[in-house]
Amino acid sequence: MLKQVGKAEIRVDGPAKVTGRASYPQDLYMAGMLYGKTLRSSKPHAEITIDTTEAEGLKGVIKILTFKDVPHNHYGVLFKDHEVFCSKKVRSIGDPIAFVIATSEKIAHMAIEKIKIDYRELPGVFDAIEAMQSDAPKIHDKGNLIYHYKLRRGNVESAFDRAAAVAENTYRTSMVDHAFLQPEAGLAYLEGSQVVVCVATQYPHFDRQEISEALALPLDRIKVINPAVGGAFGGREDITLQIHLALAAILIGRPVKAVYSREESFAAHSKRHPMVMTYKTAADAEGKLIAMEASIVGDTGAYASWAINVIRKAGVHATGPYVIPNVKVDSYVVYTNNPFAGAMRGFGATQVPIAHEQQMDILAEKLRLDPIEFRLKNCFKPGDRTATGQLLHHSVPLVECIDKVSEWMNQNTGADGGAIE
Amino acid sequence: MKEISLRVNGEERSAEIHEEMRLLDLLRDALHLTGTKEGCGEGECGACTVIMEGKTVNSCMVMAFQAEGKEIITIEGMATKDKLHPIQRAFLEKGAVQCGFCIPGMVLSAKVLLDENPIPTRDEIREGISGNLCRCTGYNKIVDAIETAAGYLNTGGDSNA
């Protein structure tokens, strides 16, 4: 028990990784395997009709999968709002439309060029605030606003009335890609009555469930193998090629491999949610925070993915690590025709510090207080309660952290003084 | 199609190539040396780094025919049968390996750096791996590992004996 705790151990997968023996999905090869390539939408919002006739006639093309081949043409981690292949319309650039299976990557690529997509473009919406208006183009059948998280504590209005300083500003963050170094890749093959899908993923058990639902197959007919994963950071929490590959292997009965280019990788997986954050923060004359009101709008693009949990978390973390007795937070998830957003390191807690820390600096300036002192005066300490009501009775070493950072910043020395390289 | 010969990790190899084949494809698809990775296909990320005639190259930017008659070292050529190269050992010991996808290229860039400059400063190490992107570690532990590896190599390559 606890043999490894407190010791610097060599990670178990380390030796294979430093010698090049570790197998990522693109490193898997099988005799007789075929290659798959995805055709993706080049329009952000359009009705489509698909004609694969010419592409199917190309020598070396085995089959072209479209929505017609998928028993239950949907998937998604929280809402089943993705289609495995778009049937009637595309909702963002990069949406998968077809999957060519061919004897070589080159032929698959040539076949993609020969698939004819008739796009009848629809008005799109690319700004989350505009997408909330009642006359905005609808991305899905229901409205674009799909989630509203509310946090209420005390009475912000009366607190603002007696404030010594108030800061009110709007902050916007941008979309971010994980850019994990290993682009998506996978290999699927049949093994007895099972279809085996080898794919680098953060959730093999979820992937298995999604494949099972889309293909209308019982779970025990599906095996997902997770070989070495070349980085993920949240970007492998959604389906990309898993269902395409499983379906291809089942329909053809031969191993099928697909490897995304870097460009396709950007088009295929989620992004960090861009947020529009409007904050009103108030402090009294002693420099104590007394109220904060925030409206946070998260742009989840064309699909919900993890947005509900991400934007709830943004709302929960909206105060930052500060004691504020009166709090009103509203956070919203909105569909647009942008690339879809999902999980990415921090899961909604990463964006809000852009806003709450700027607010702290602006308030400190208004109150003529040192920004570090102002933070120390208001930050969480053991025994405090968060805006969501959590009693912090365990370790809260924030004061020590700020003290240390302050000491290092003011030393202004080299590596020994803690300066970050 | 054309048959070419080259030396890979000290062995004479020959392979059938076609005009569109990159050195990366030759290594991975024809010679089954899959330790060389493709991260971007456009010479930005360095995951496909190999050593050609003593210099690092992005094998996605070198055509297969350009490797004819050349001496190539890939990650598979770094360790002997029962012993890791000191650079590889240092990477493990310093916790420089996370997802591992950049590591073959990092190790090979480190090798060329240390071959040319056995006692590099930390800045020179950073310069030496500036063509290799890592998305996991934040680089500091990789720099630590290369510093440690320099020490191992300068003391005969085996401080662990």
Length-normalised contact order of chain A in % [C-alpha pairs under 8 Å, at least 6 apart] | 19 percent
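How high is the relative contact order of region B:86-154, in percent, counting Cα pairs under 8 Å that sit 6 or more residues apart?
Reported as a whole number, the value is 53 percent.
Take the Cα radius of gyration of region A:29-117 and divide it by 2.2 N^0.38 Å, with N its residue count; two decimals is plenty. Walk me through the numbers on the way to the answer.
Values: Rg = 13.5 Å, N = 89, 2.2 N^0.38 = 12.1 Å.
Computed over Cα atoms of region A:29-117, the ratio equals 1.11.
Given a 1.4 Å probe and every protein chain left where it sits, what share in percent of the accessible area of region B:2-77 is carbon and sulfur? Don't skip to the answer; put the middle values down first.
Working: 1440 of 3310 Å².
For region B:2-77, the apolar C and S fraction of the accessible surface comes to 44 percent.
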Across all Cα atoms of region A:208-283, Rg and the largest Cα-Cα distance (Dmax), in Å, are 18.0, 67
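Grab the eigenvalues of the alpha-carbon gyration tensor for region B:2-77, scale each by 5, take roots, and send me the semi-axes largest first in whole angstrom. Spell out each step's value before the answer.
On the way: eigenvalues 57, 38, 23 Å².
Semi-axes (√(5λ), whole Å): 17, 14, 11.
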For A:I62, enumerate residues with amide H under 5 Å from its amide H, sequence gap 5+ or separate chain, H modeled in the peptide plane.
-> A:I101, A:A102, A:T103
What does the accessible area of A:S174 come to, in Å² to the nearest 10, when a probe of 1.4 Å is used?
-> 80 Å²
In whole Hz, with x marking every Gly and Pro, tabulate ³J(HN,Hα) for region B:70-79 from phi via Karplus 6.51 cos²θ - 1.76 cosθ + 1.60, θ = phi - 60°.
-> 8, 9, 10, 10, 10, 4, 5, x, 8, 8
May I ask you to evaluate 6.51 cos²θ - 1.76 cosθ + 1.60, the Karplus curve with θ = phi - 60°, for each residue of region A:37-44 and list the ³J(HN,Hα) values in order in whole Hz, giving x for glycine and proline?
-> 9, 9, 8, 10, 5, 9, 10, x
Given N residues in region A:216-369, what is Rg(Cα) / (2.2 N^0.38 Å)?
-> 1.43
With just the Cα atoms of chain A, tell me how far they stretch along each of the three principal axes, in Å, largest first.
-> 78, 61, 39
Taking accessible area as the heavy-atom solvent-accessible surface of the protein chains with a 1.4 Å probe, which residues of region A:10-47 lose no less than 30 Å² upon going from the isolated chain to the full protein assembly?
-> A:I10, A:R11, A:K17, A:V18, A:T19, A:G20, A:Y24, A:D27, A:Y29
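Would you mind calculating the relative contact order of region A:68-170 from Cα pairs under 8 angstrom and at least 6 residues apart, reporting the percent as a whole number?
Values: 43 pairs, mean separation 10.8, N = 103.
So the answer I get is 10 percent.
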How about A:K313: which lysines have a C-alpha closer than 17 Å to its C-alpha, ignoring those fewer than 8 places off in the same chain?
-> A:K150, A:K271, A:K328
Tell me, how many Å apart are the Cα centres for region B:114-146 and for region A:235-314?
-> 32 Å
How much of A:H72 can a 1.4 Å solvent probe reach, expressed as accessible area in Å² and rounded to 10?
-> 90 Å²
How many angstrom separate the Cα center of region B:1-62 from the Cα center of region A:35-99?
-> 34 Å
Got a sec to turn the phi values of region A:20-31 into Karplus ³J(HN,Hα) couplings, 6.51 cos²θ - 1.76 cosθ + 1.60 with θ = phi - 60°, whole Hz, x for Gly and Pro?
-> x, 7, 4, 9, 8, x, 5, 8, 8, 10, 10, 4
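Give the dimensionless ratio obtained when the Cα radius of gyration of region B:86-154 is divided by 2.2 N^0.38 Å. The partial results should precede the final answer.
Working: Rg = 10.4 Å, N = 69, 2.2 N^0.38 = 11.0 Å.
Scaled against compact globular proteins, the figure is 0.94.
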Once both axes come from the Cα atoms, what is the angle between helix A:352-367 and the longest principal axis of chain A, in degrees from 0 to 90, rounded to 10?
-> 20 degrees
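What accessible area, summed over both chains, is buried at the A-B interface (1.4 Å probe, Å², nearest 100)?
Values: alone 20090 and 8370 Å², together 26090 Å².
For chain A against chain B, roughly 2400 Å² becomes buried.
Suppose all protein chains stay in the model; what accessible area per residue would a 1.4 Å probe give for chain B, in Å²? Please report the intermediate quantities before stating the final value.
Details: 7220 Å² over 161 residues.
Counting only protein heavy atoms, the per-residue value for chain B is 45 Å².
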Would you please give the residues with an amide H less than 5 Å from that of A:E184, counting only those at least 5 places away or on a separate chain, with H modeled from the backbone geometry?
-> A:Y260
Using all C-alpha to C-alpha distances in region A:100-185, build P(r) with 5 Å bins and read off the rounded percent in each one.
-> 2, 8, 9, 9, 11, 14, 14, 11, 7, 4, 3, 3, 3, 2, 0
Under 5 Å, built H, 5+ apart or other chain: amide partners of A:S305 | A:V77, A:L78, A:F79
Given the pairs A:K17/B:K94; A:K37/A:K68; A:K43/A:K89, which span a C-alpha to C-alpha distance of over 19 angstrom in this model?
-> none
Hey, got the Cα dimensions of chain B along the principal axes, in Å, largest first?
-> 47, 31, 25
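The values are calculated or read from the model by the stated rules, or taken from the named source; none is laboratory data. Since the structure is predicted, the reported quantities are computational estimates derived from the model, not experimental observations. Accessible surface areas use protein heavy atoms only, side chains included; no ligands, DNA or RNA. Shrake-Rupley method; radii C 1.70, N 1.55, O 1.52, S 1.80 Å.
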